[in-house]
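To start, the structure under review is shown below, and the notes come after it.
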Amino acid sequence: MPACSTTDFYKVQQQLSKGKPASTLFTTTDERFHTAIKRPISAAYSMSTLKEFEPFVDTTIHTLFKRLDEFVAHNQVCDIATWLQYYAFDVIGELTFSKSLGFLEQGTDIDGIIAALEKILDYAGKVGQMPWLDYVFIKNPLRQFIQGGSTGAIARFARARLDERLKQSKKLHSPKDARTQSRKDFLFRFLEAKEQYPEIVNDHQVFSYTVANMNAGSDTTAISLRAILYYTLKSPRVKAKLHQELNTAYQAKRISLPVSWKQSQEQLPYLDAVIKEALRLHPAIGLILERIVPAEGLQLPNGGPFLPAGTIVGANPWIIHRHSVFGEDVDSFIPERWLQADDESASQFQTRKQQMLRANFTFGAGPRTCIGKNISLLEIYKLIPSLFLKYQIELEDIDKKWETFNAWFVRQKHMDVIIRHNRLDFEPGYA
């Protein structure tokens, strides 16, 4: 199959920095440029590297628990959807800048970042269907000249954090000294890439990397966390089974609190099934991932039509995830579809599971697979079991449906829950 390039739909999502669009790994339509800027930092997003950050995810989980404990103490209803977004943003802050962004501590949208991000997504979902409108509304050079060169809220935030680090480097006489003094966060690795690949990574590119982390590293993870929690809480059977697996593993000292990445992968098969099933039912991306048919055209398989050059094509995870490869009742939340059935041999199960995994489009596929996939999985596989281990969580009204709306990402709101402590004898240092 010929390689297809991305469309101008993605350019609409480029943030302005001093009046000029900041092209990132996610928003660039130049495939050669994408390959070039991805290579210097790809190792930073590997799971082996990210596991070094696990203690700092734990710190954020503890901060979230302190805030949730307040709802327990006062017997208050908690809109968990909002707090999951705060958690996702603070983790990105820890991993990118070695500092919490303060969403959990302050319990509010810091500098209006979340509102700004939602505004960008709402805008992109609509204007992205006719990208030329973006030039008229926002990125017109004359408009930017009159406005004095505007900068988006997220870009301003990322620039401020980057400037803080650069000031630190000046005090320590060199960027290398600054990196020695700091944790090896993403910004450390971006600055390191600048030294190792000076022909590719300049100051603007370092800034672009940080903007990409902020843009893509929080909203999609929060959406996924909400989906897992919502579907589990809507199914008392699944919730009870998950609690049983977690409580048994904890009492046998096979897992700790917070649950580690390694423990989540080796000790909790039902948790894995719950997460995979929720992400199948509610992938974060709700529109097609647009691509342009190249010059030679594209012949669709199985007797399909021939698509001429320039045709916009795409795949929507919500459609793919309801394919018959996932079995029966594809609109139902059934984690057991990811586990071996009683009448199924091990080889039959592995074949069936691999077919489902190949059809999994949660993080995209191919060269443009989400580079932050492992960040999201680390956050998810640590927080979800830790939440259900420490707390008993119930929807305030189990019959009430959440509110969802598709603005490029399928966001959810209003997940009011009642939280109580789970009855476990936590060992010192675990809770």
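The values are calculated or read from the model by the stated rules, or taken from the named source; none is laboratory data. Keep in mind the model is a prediction, meaning the values are calculated, not measured. No Cβ is skipped: glycine too gets one built from the backbone with ideal geometry, and neighbour counts run over all protein chains shown.
Summary of computed values
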{"read-out": "Which numbered condition Trp318 fails, given (1) closer than 21 Å to Ala284 by Cα; (2) in contact with a strand residue (DSSP E or B) (Cβ under 8 Å, 6 or more places away or on another chain); (3) assigned to a loop (DSSP other than H, G, I, E, B)", "value": "(3)"}
{"read-out": "Condition met for Val206 (in contact (Cβ under 8 Å) with a residue 40 or more places away in the chain, over 23 Å from Thr362 (Cβ atoms) and among the aliphatic types (A, V, I, L, M))", "value": "yes"}
{"read-out": "Those residues of the stretch 53-106 which are farther than 21 Å from Pro385 by Cα and among the acidic types (Asp, Glu), in sequence order", "value": "Glu105"}
{"read-out": "Residue, modelled with the highest pLDDT, within the stretch 120-171, restricted to residues that are among the hydroxyl-bearing types (Ser, Thr, Tyr) and outside any helix (DSSP H, G or I)", "value": "Thr151"}
{"read-out": "Which numbered condition Arg337 fails, given (1) in contact (Cβ under 8 Å) with a residue 40 or more places away in the chain; (2) surrounded by fewer than 13 Cβ atoms within 10 Å (Cβ to Cβ); (3) of a type in the set (Lys, Arg)", "value": "(2)"}
{"read-out": "Where a residue in the stretch 97-116 is at positive phi and surrounded by fewer than 17 Cβ atoms within 10 Å (Cβ to Cβ) and its partner, wherever it lies, is in a helix (DSSP H, G or I) and of a type in the set (A, V, I, L, M), with Cβ under 8 Å and at least six apart", "value": "Gly102/Ile110; Asp111/Ala153; Gly112/Ala153"}
{"read-out": "Residue within the stretch 325-335 that is modelled with pLDDT of 95 or more, aliphatic (A, V, I, L, M) and in contact with a strand residue (DSSP E or B) (Cβ under 7 Å, 6 or more places away or on another chain) present", "value": "no"}
{"read-out": "Matching residues, the stretch 383-408, being surrounded by 14 or more Cβ atoms within 10 Å (Cβ to Cβ) and either at pLDDT below 95 or within 14 Å of Tyr230 (Cβ to Cβ) (or both)", "value": "Ile384, Leu387, Phe388, Ile393, Glu394, Leu395, Trp402, Thr404, Ala407, Trp408"}
{"read-out": "Selection count where residues are in a helix (DSSP H, G or I), under 9 Å from Leu389 (Cβ atoms) and not aromatic (Phe, Trp, Tyr), scope the stretch 250-275", "value": "0"}
{"read-out": "Given (1) among the aromatic types (Phe, Trp, Tyr); (2) surrounded by 16 or more Cβ atoms within 10 Å (Cβ to Cβ); (3) free of Cβ contacts under 8 Å to residues at least 40 places away in the same chain, number of the condition Phe137 does not satisfy", "value": "(2)"}
{"read-out": "Leading residue by the ranking (modelled with the lowest pLDDT) among those in the stretch 22-39 that are crowded, with 18+ Cβ neighbours inside 10 Å and under 20 Å from Ala158 (Cα atoms)", "value": "Ala22"}
{"read-out": "Residue match in the stretch 287-297 (condition: assigned to a strand (DSSP E or B), within 23 Å of the chain's Cα centre (by Cα) and within 17 Å of Gly366 (Cβ to Cβ))", "value": "yes"}
{"read-out": "Of all residues making up the stretch 98-111, the number that are at pLDDT 90 or above and not β-branched (Val, Ile, Thr)", "value": "7"}
{"read-out": "Sole residue being β-branched (Val, Ile, Thr) and more than 29 Å from Ile320 (Cβ to Cβ), chosen from Ile419, Ile384", "value": "Ile419"}
{"read-out": "Boolean, Ser260 is closer than 26 Å to Val410 by Cβ, surrounded by 15 or more Cβ atoms within 10 Å (Cβ to Cβ), hydroxyl-bearing (Ser, Thr, Tyr) and in contact with a Lys or Arg (Cβ under 9 Å, 6 or more places away or on another chain)", "value": "no"}
{"read-out": "Any chance Gly310 is in a loop (DSSP other than H, G, I, E, B) and in contact with a strand residue (DSSP E or B) (Cβ under 8 Å, 6 or more places away or on another chain)", "value": "yes"}
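The rows are residues; the columns are (1) at positive phi; (2) buried (at least 24 other Cβ atoms within 10 Å of the Cβ); (3) assigned to a helix (DSSP H, G or I); (4) over 24 Å from the mean Cα position of the chain (by Cα).
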residue	(1), (2), (3), (4)
Glu195	no, no, yes, yes
Glu199	no, no, no, yes
Arg226	no, yes, yes, no
Thr232	no, yes, yes, no
